[in-house]
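A.B. asks: So that we are looking at the same thing, I have put the structure below in structure tokens.
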Amino acid sequence: MGQMMVVTMREGIEAFLIVAIAAAYLRKTGRDGLLSALWWGAGAALLLSIVLGAFLAEYAVIPLYEGVLALVAAALVISMVAYMLRSARHLRREIGERLESAAARPGAGAWLGVFLFVLLMITREGMELAFVAASLAGQAETAHLLPGAAAGVLLAAALAGAWIRYGHRVDLALFFQVTSIFLVLFALQLLFYAFHEFTEANVLPIDNAYWHLATEEWAEGTYAQIFSVVLVAAPLAWLLFKARPGAASAARRGS
């Protein structure tokens, strides 16, 4: 549940920010007529993400496919972390530039350009979430994931709303740092789980039976539970470190 909540919150805040920044840009540049393309693009992306998640979940009970899903999910999580750490400070400018290029087309091309821009941007987030959700569905009952997903969406909406309303009072840079630590550790967990499932499927050129038993506790047993605690403790420790007295002023002096 905890993994699902953090991943959903991270993906949700990115999706909410994309929509919010795009809507603000269109209004600011006097293109209110293209807002319908924005809403339709976001809705279509949400539908595609749900369909993809349901499709992938069908294969999350077969060891070989579980391993593949976990491997793909880990790669997507790492790429998501790298992209946001690189682009977080310039997200508003980057979206504005790409949206300007899409909206500058004549006639109906502008509507289609905005629609496709939003569809691709949001679907990217939804695709990552769909792979992660399908991978987690193979490790736990789906019913246990739903409360975490709902909590993540609500938290993402609240954080995005606060950022839109209060601007720089919300430290998005710190938010992305903290969640990135969690996601990197989570990606390592996914990679280990993929290895465990591949040994169960007997597809690796090693003694699969031996390594499957050897990694059982790490993938689904006591050690896996301990690692779940580390997933929460490590980001929290970083948050407390950054929030200590004098950290903010030191960061400003170093910038």
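A.B. asks: Being part of a helix (DSSP H, G or I) and in contact with a helix residue (DSSP H, G or I) (Cβ under 9 Å, 6 or more places away or on another chain) narrows it down to one residue among ILE226, ILE181; which is it?
C.D. replies: Details: ILE226 fails: in contact with a helix residue (DSSP H, G or I) (Cβ under 9 Å, 6 or more places away or on another chain).
That would be ILE181, the only listed residue that is part of a helix (DSSP H, G or I) and in contact with a helix residue (DSSP H, G or I) (Cβ under 9 Å, 6 or more places away or on another chain).
A.B. asks: Another one. Filter the stretch 72-95 down to the residues that are among the basic types (Lys, Arg) and in contact (Cβ under 8 Å) with a residue 12 or more places away in the chain and list them by number.
C.D. replies: Looking only at the stretch 72-95, we keep the residues that are among the basic types (Lys, Arg), and these are 86, 89, 92-93.
ARG89, ARG92, listed by residue number.
A.B. asks: Right, another one. Take the stretch 196-218 and flag every residue that is open to solvent by 70 Å² or more (accessible area, probe 1.4 Å) and touching a residue at least 24 places away in the same chain (Cβ under 8 Å).
C.D. replies: Passing the criteria: GLU200, VAL203, TRP218.
A.B. asks: Of LEU56, LEU17, LEU35, LEU48, which residue is modelled with pLDDT under 85, open to solvent by 10 Å² or more (accessible area, probe 1.4 Å) and either touching a Pro at 6+ places or on another chain (Cβ under 8 Å) or assigned to a helix (DSSP H, G or I) (or both)? It would help to see each step written out before you state the result.
C.D. replies: On the way: LEU17 fails: open to solvent by 10 Å² or more (accessible area, probe 1.4 Å); LEU35 fails: modelled with pLDDT under 85; LEU48 fails: modelled with pLDDT under 85.
Checking each option against the conditions leaves just LEU56.
A.B. asks: Identify all residues within the stretch 1-14 that are under 17 Å from PRO147 (Cα atoms), of a type outside the set (S, T, N, Q) and surrounded by 19 or more Cβ atoms within 10 Å (Cβ to Cβ); write none if there are none.
C.D. replies: Our first condition is that a residue be under 17 Å from PRO147 (Cα atoms); within the stretch 1-14, this holds for 1-12.
Checking the rest, the ones that are also of a type outside the set (S, T, N, Q) come to 1-2, 4-7, 9-12.
The answer is MET4, MET5, VAL6, VAL7, MET9, ARG10, GLU11, GLY12.
A.B. asks: Regarding the stretch 139-146, can at least one residue be identified that is at pLDDT 90 or above, open to solvent by 40 Å² or more (accessible area, probe 1.4 Å) and assigned to a helix (DSSP H, G or I)? Let's see the steps before the verdict.
C.D. replies: If we filter the stretch 139-146 for residues that are at pLDDT 90 or above, which is where we start, we get none.
Within the stretch 139-146, not a single residue is at pLDDT 90 or above, open to solvent by 40 Å² or more (accessible area, probe 1.4 Å) and assigned to a helix (DSSP H, G or I).
A.B. asks: Take the conditions modelled with pLDDT of 85 or more, open to solvent by less than 20 Å² (accessible area, probe 1.4 Å) and small (Gly, Ala, Ser) and apply them to ALA42. Does it pass?
C.D. replies: Details: modelled with pLDDT of 85 or more: yes; open to solvent by less than 20 Å² (accessible area, probe 1.4 Å): no; small (Gly, Ala, Ser): yes.
It is false that ALA42 is modelled with pLDDT of 85 or more, open to solvent by less than 20 Å² (accessible area, probe 1.4 Å) and small (Gly, Ala, Ser).
A.B. asks: Only residues that are open to solvent by 70 Å² or more (accessible area, probe 1.4 Å), of a type in the set (Phe, Trp, Tyr) and at pLDDT 85 or above: list them for the stretch 165-194, please. Give the steps one after another, and end with the answer.
C.D. replies: If we filter the stretch 165-194 for residues that are open to solvent by 70 Å² or more (accessible area, probe 1.4 Å), which is where we start, we get 165-166, 168-169, 171, 188, 191-192.
Going one step further and asking which of them are of a type in the set (Phe, Trp, Tyr), we end up with 166, 192.
Correct list: PHE192 only.
A.B. asks: Let me ask something else about it. Just give me the residues in the stretch 84-121 being open to solvent by 20 Å² or more (accessible area, probe 1.4 Å) and under 13 Å from the mean Cα position of the chain (by Cα), in sequence order.
C.D. replies: Within the stretch 84-121, LEU85 is the sole residue that qualifies.
The values are calculated or read from the model by the stated rules, or taken from the named source; none is laboratory data. Because the structure is a prediction, the values reported are computed rather than measured. Methodologically, a virtual Cβ is constructed for each residue, glycine included, from the backbone with ideal geometry; neighbour enumeration extends over all protein chains shown. These accessible areas exclude ligands, DNA and RNA; they are computed on the full protein's heavy atoms, side chains included. Shrake-Rupley method; radii C 1.70, N 1.55, O 1.52, S 1.80 Å.
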